Structures are given as structure tokens and as C-alpha cells.
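The values are calculated or read from the model by the stated rules, or taken from the named source; none is laboratory data. Everything numeric here is computed off the predicted structure, so don't read it as measured data. Ideal geometry is used to build each Cβ from the backbone, glycine not excepted, and the neighbour counts take in all protein chains shown.
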Amino acid sequence: LLRAFVLFSLGLYLLRSNIKVISYLTLFYTFLIVIALFPQYIFNIGFWFSIFAVFYIYLFIQYFKNGNKILLYIFFNIWMFLIFNPIVHFFFAQTAIEQFYSIPITIFFTIFYPLEIVAHIFNISSYFDDYLKIFLENKIYVYEVFTPLYFFILYILFSFFSIWSKKSFFILNILMIGFNFYLYISGYI
């Protein structure tokens, strides 16, 4: 939340100054401002995930900005899910094949959440409860896969190199696909 507020405030300032807002430099300044004001955030995994999430959003915009908007909306959710897995699994090893549910759920959530608010206002939310129960009562097979340190470092390096090099971005996507294949196949071998 703090990263979002600082990035928003910096974005407003940059907009008022006619300076490009969506840039890696803006994200880097946001990182520096937060760390300068709140040095304890250097140890906060949520802060790091937030910074990396915005970084990968910027990469997506840089390389996939041209295309059908509807297909990009769907592809964005899939790509963000897959691109972030090697980083998440360096810190948290638990995984399940059901994690793929998060892709359509994220897309569906933009419709479901406002409907659920309206349903609560008119006291008809119980109609959605049965569908939520089906999802919540589902038994999930969970297994552990950690991202190896060497792969994590390689992945981060190619992530940063992707800012300047399309070849690095291509390699990053191959690393992403390879890791996700390994991640979801290894639980069933």
C-alpha cells in the first residue's frame, strides 16, 4: 500500500510537470523514496513483491502494448501469473495445480465483486453462497517446489536486461515457461 501511495504521489507530481509517468526510472525513484523514509521496508517481502509486480507490468506494457485489447487483457492475467511464479517460489514453496484457477478468477472478479456488493445491499447475497462453497470446500493437493538460488539470480538478471534487450526478454519468457512447466509437472512425478 505504501509503494502504491508513493508511486501515485510521484505520478501526480510527474504528470503536473509533463514528465513520463510510466517508466522504470519512476519505479526506481519510488523504491528509493520508500526505503529512504522507511528503511525497514528493505526487509518486507510484500514491498519487494509489489515493486516486482509493477516492474513486470511495465515490461508487459513495453513488449505487448500493440494488439487486441480484449486478448491483451486475458493474456496479461496469464502472463503476470506465470512470470511471477519463479520469484514467489523462491520464498514460498507451496504450490498446487489449482493455482491456475486464479487466472479466470482474477478476470471474473471484476464482474463478480460489484455484483456481490449490490447483492449484499439488497440482501440477496445468499444466491452466490452455494458457488463459493463449492470452491471453498474443494480439496487441494499441495506440494513444495523451491526456486533454486542460481535460477532466481539468473531470472532476476534477465528480468532487468529485458528493459534494454528484446533477446533478454525472449530468454526471460523461455525461463518463465521452463520453470512453470517444472513447477507444475514436478508435483505429479
Next on the checklist: I'd like to verify a number: residues in the range 105-138 that are more than 28 Å from F76 (Cα to Cα), modelled with pLDDT of 75 or more and not in a helix (DSSP H, G or I), how many?
Outcome noted: 4
Checklist entry - Restricting to helices (runs of 4 or more DSSP H) lying wholly in the range 1-75: which have 1 or more residues that are within 17 Å of S159 (Cβ to Cβ), at pLDDT 85 or above and of a type in the set (A, V, I, L, M)? => result 24-37, 45-64
Item to check | Residues that are part of a helix (DSSP H, G or I) and either surrounded by fewer than 17 Cβ atoms within 10 Å (Cβ to Cβ) or free of Cβ contacts under 8 Å to residues at least 12 places away in the same chain (or both), drawn from the range 153-170 | outcome: I153, L154, I156, L157, F160, F161, K166, K167, S168, F170
Checklist entry - Any idea how many residues of the range 41-73 are surrounded by 14 or more Cβ atoms within 10 Å (Cβ to Cβ), of a type outside the set (S, T, N, Q) and touching a residue at least 24 places away in the same chain (Cβ under 8 Å)? => result 12
Next on the checklist: Residues to consider are I51, I87, I33, I83; find the one that is within 15 Å of the chain's Cα centre (by Cα) and within 21 Å of L12 (Cβ to Cβ).
Outcome noted: I51
Next on the checklist: For the range 171-185, give me the residue count where each residue is surrounded by 14 or more Cβ atoms within 10 Å (Cβ to Cβ) and small (G, A, S).
Outcome noted: 0
